[in-house]
Amino acid sequence: MSLIPTRSRGIVRSARGAHGGYELARGAGEISLLQVVEVLEGRTSLLECTAAPASCPRSGECRTLPVWTGLDNAVKNYLGGLSVADAAATRGSGEYSI
């Protein structure tokens, strides 16, 4: 996995040199998991027709489109409500880091 897309979208920044590397460009609490997923994976939609209903000639009459659209919205709301800090928080007795 390349970090270049995350750098170009302002999620991480890089430093060159012997002590260089990558670090978050903003506070971990300011970066949503939705932002990270969209940069690394592209769309979060399960189906093309929910991301772009016009791409499907049957979207106007599709009875399941509202179900898939609702699921897409639930995923976006869930990931949008969690930050990188939330994901990296210690859970239980073990230490966890990203």
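The values are calculated or read from the model by the stated rules, or taken from the named source; none is laboratory data. Just so it is clear, the model here is predicted, and its values are computed rather than measured. We place every Cβ from the backbone using ideal geometry, glycine too, and count neighbours over all the protein chains shown. Accessible surface is based on the protein model in full, side chains and every heavy atom, while ligands, DNA and RNA are left aside. Shrake-Rupley method; radii C 1.70, N 1.55, O 1.52, S 1.80 Å.
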(message) Could you work out the relative contact order of the chain? I mean the mean sequence separation of Cα pairs under 8 Å and 6+ apart, divided by the number of residues, in percent.
(response) 26
(request) Work out which GluC sites (Glu not before Pro) in the chain are exposed loop sites (DSSP not H, G, I, E or B, at most 14 other Cβ within 10 Å) and give the longest gap free of them. (result) 1-60
(request) Please check the chain for the longest run free of trypsin sites (Lys or Arg not before Pro) that are loop-located per DSSP (anything but H, G, I, E, B) and have at most 16 other Cβ atoms within 10 Å. (result) 64-98
(message) From the helices alone, meaning DSSP H stretches of at least four residues, give me the mean residue ellipticity at 222 nm for the chain, per-run term -39500 (n - 2.57), in deg cm²/dmol to the nearest 500.
(response) -10500 deg cm²/dmol
(request) Would you grab the residues whose amide H sits under 5 Å from the one on Leu82? Only those 5+ places off in sequence or on another chain, please, with H modelled 1.01 Å from N. (result) Leu33, Leu34
(request) Scan (i) 1.02; (ii) 1.21; (iii) 1.40 for the value of Cα Rg over 2.2 N^0.38 Å calculated from this model and give just the label. (result) (iii)
(request) Leaving out ligands and nucleic acids, note down the accessible area per residue over the chain with a 1.4 angstrom probe, in whole Å². (result) 72
